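Structure first, then comments.
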Amino acid sequence: MNTKIFHISLENPEIEKLKNAASYIKDNKLVAFPTETVYGLGANALNEMAVRKIFEVKGRPPDNPLIVHVSSIEMAKRFIKNDIDEFSRLTELLWPGPITLIFNKESIIPDIVSGGLSTIAIRYPAHPIAQKLIELSGVPIAAPSANISGKPSPTNEEHVTNDLKGRVECLVLSGRTVFGLESTIVDLSKEKPNLLRPGPISVERLKELLPEMTIHSSVKGEEARTPLAPGMKYKHYSPEIEMILYDGELDWAIHNIIDETKKMKVKYTILCSEETQKLYPDPSKTVILGSRKELYSVAANLFDVLLSLTKNDYEVALCEPFPETGIGLAIMNRLRKASWKTVKR
Ligand code: TXA
Ligand code: MG
């Protein structure tokens, strides 16, 4: 398939190119586009045939529902049963932004989007190109992350191009995404709000707004008894090399990583931080994820580092733990999903 590629400037989005990309959505074709979290693979959420193509291209199981992206709070209202008293208070505080909210769904959204569930996940992204694309398309855009199922989500132009060039009609590219991890997901369709996926909007912030919010057991990597977000039952993000996460206190982890690598006969690398790199005997055998003083930097680099591990011929990657505060909870959640093995004290 011939893929039309638009490079669009974040500072000064070229409106003609965006109109052209929107015409693909209107024609029920697939368009990959940037958001502030990760790149998405979008289609007209109101058209069943268009949405079906997303599942085909990604190789995504049909019971794993998609997020519907809107360009205003008003637009979101059309797709949900308005039975949440707090809808306005919450959406005005949190949207646009890197957070997805789940509501009871109106029947105008085809069942294929929600994988047959009676609920719908909705997000109003803060990214100007995403907003404009939805606005110009005139329809809500259903979009999972723009990767082939089972790989980390794409956070730069190269990741999207590698996975989707030649497989979809159109790519809208605009450099690196800001956060580098997928949106926080909160289910508001049940009696109590439930955090299904940690992300850039932290639990600490959400607890201020929703003190009664519970946290799904899968968030900390425990086995989910009932996979509320159907995506949670699939193993995600596994790099094709063996990744070992040292899941415990930092000093203990560094000590054990050093011990383990002394015995290693295969080509390995250590995933560490700016602050800890100097503690390892051979810094050339480390990759820095970011700074512990600014965990957002770790989040922003994480998927790119995981994807690059496969390109280099490492056999094993040993990874330090990060504190589970702020975006750190999301970092540890993705690291646990990515690792083949976790070592605990
Ligand atoms: O940041 C993001 O959220 C990105 C950008 C493109 O918006 N999208 C993204 O989509 O990460 P995806 O499909 O890779 O992850 C969406 C997750 C899946 O785990 C899915 O199971 C869950 O959301 N989900 C979608 N609709 C749901 C629903 N009605 N109930 C529970 N979970 C749902
Ligand atoms: Mg995904």
Rounded to whole angstroms and listed largest first, the alpha-carbon spread of the chain along its three principal axes comes to 59, 48, 35
Between the Cα axis of helix 128-137 and the main Cα principal axis of the chain, the angle (0 to 90°, nearest 10) is 30 degrees
Between Glu212 and Lys77, the FRET efficiency computed from the C-beta separation at R0 = 22 Å comes out, to the nearest 0.05, as 0.40
Checking rank on 112-124, 85-97, with mean other Cβ inside 10 Å and highest first, the result is 112-124, 85-97
Each label sits 7 Å from Cα toward the beta-carbon; between Glu204 and Glu242 the label points are separated, in nm, by 3.7 nm
Expected unfolding gain across Met264-Lys192 under the 0.36 nm per residue rule, minus the alpha-carbon gap, is 21.1 nm
So Asp251 and Met49, fully extended at 0.36 nm per residue minus their Cα-Cα distance, gain in nm 67.4 nm
So Ser118 and Asn162, fully extended at 0.36 nm per residue minus their Cα-Cα distance, gain in nm 12.4 nm
Here the relative contact order (percent) of segment 1-108, from C-alpha pairs under 8 Å and at least 6 apart, is 16 percent
Carbon/sulfur accessible area of segment 245-345, % of total, 1.4 Å probe, equals 51 percent
Counting only backbone N atoms under 19 Å from a point 7 Å out along Cα-to-Cβ of Asn20, the residues of segment 34-66 in range are 34, 42
Length-normalised contact order of the chain, Cα under 8 Å, at least 6 apart, in percent, tallies to 20 percent
The FRET efficiency for Lys344 and Lys285, from their Cβ-Cβ distance with R0 = 22 Å and rounded to 0.05, is 0.40
For segment 97-209, the accessible surface attributable to carbon and sulfur atoms (probe 1.4 angstrom, ligands and nucleic acids excluded) amounts in percent to 48 percent
Here the net charge surrounding Pro128, from other residues whose Cβ is less than 11 Å away from its Cβ (Lys, Arg +1; Asp, Glu -1), is -2
Straight-line reach check, Lys190, cutoff 17 Å on alpha carbons, 8 or more apart in-chain or any other chain, hits among aspartates and glutamates -> Asp83, Asp85, Glu86, Glu106, Glu212
In Å², rounded to a whole number, the accessible area per residue of the chain with probe 1.4 Å is 43 Å²
Among beta bridges assigned by DSSP with both residues in the chain, the antiparallel ones amount in percent, to the nearest 5, to 35 percent
Note to self: C-alpha centroids of segment 72-89 and segment 39-55 sit apart, in Å, by 22 Å
So the angle from the long Cα axis of helix 250-263 to the longest Cα principal axis of the chain, reported in degrees to the nearest 10, equals 60 degrees
Going through Lys267/Lys344; Lys17/Lys58; Lys58/Lys192; Lys53/Lys207; Lys17/Lys311 one by one, the pairs whose alpha carbons sit over 28 Å apart turn out to be Lys58/Lys192; Lys53/Lys207; Lys17/Lys311
Scoring only Lys, Arg, Asp and Glu (+1, +1, -1, -1) among other residues with Cβ under 10 Å from the Cβ of His7 yields -1
Computed over the Cα atoms of segment 80-199, the Rg and Dmax in Å are 15.4, 45
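The values are calculated or read from the model by the stated rules, or taken from the named source; none is laboratory data. Model, not experiment: these values are computed from the prediction. Ideal geometry is used to build each Cβ from the backbone, glycine not excepted, and the neighbour counts take in all protein chains shown. We work out accessible area using only protein heavy atoms, side chains counted, and drop any ligands, DNA or RNA first. Shrake-Rupley method; radii C 1.70, N 1.55, O 1.52, S 1.80 Å.
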